[in-house]
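What follows is a short report on a single structure.
The values are calculated or read from the model by the stated rules, or taken from the named source; none is laboratory data. As the structure is a prediction and not an experimental result, all values here were calculated from the model. In this analysis, Cβ positions are derived from the backbone assuming ideal geometry, glycine residues included, and neighbour counts consider all displayed protein chains. All accessible areas refer to the heavy atoms of the entire protein, side chains included, with ligands and DNA or RNA removed. Shrake-Rupley method; radii C 1.70, N 1.55, O 1.52, S 1.80 Å.
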Amino acid sequence: MFIHITGRDNFILVMSYSGRNGYSRGGSRGGTFGSTPKPVEMGKEYEVEISEISKRGDGIARIQGFVIFVQGAKAGQKTNIRITSIGDRFAKAEVV
């Protein structure tokens, strides 16, 4: 909690609640995976449809809402992919 007092009768009360270490993770966003089990596994192959292209030019697929960036894939393409890395919020894959 932070209290700032200015002058005799004026004061500002600002209350801030955050995590144990004083930093907040930005609130809850629907569909985030954080530390929950991911719907994909490293090295496994999946059949997906590329729904769109990322700003970097990779195809974007989703498995149970979990985002997968697919190098070299094109929007609308149905393809098999192999997971090459898994992060907290997304995975990367290559076309098989």
Legend entry - Pairs where the first residue, in segment 76-96, is basic (Lys, Arg) and the second is open to solvent by 60 Å² or more (accessible area, probe 1.4 Å) and not in a strand (DSSP E or B), C-beta under 6 Å, 6+ apart: 82/96
Inset, instruction - Report those strands (runs of 3 or more DSSP E) wholly inside segment 1-95 carrying at least 1 residues which are modelled with pLDDT of 95 or more and surrounded by 10 or more Cβ atoms within 10 Å (Cβ to Cβ). - result: 45-49, 59-63, 66-71, 78-86, 90-95
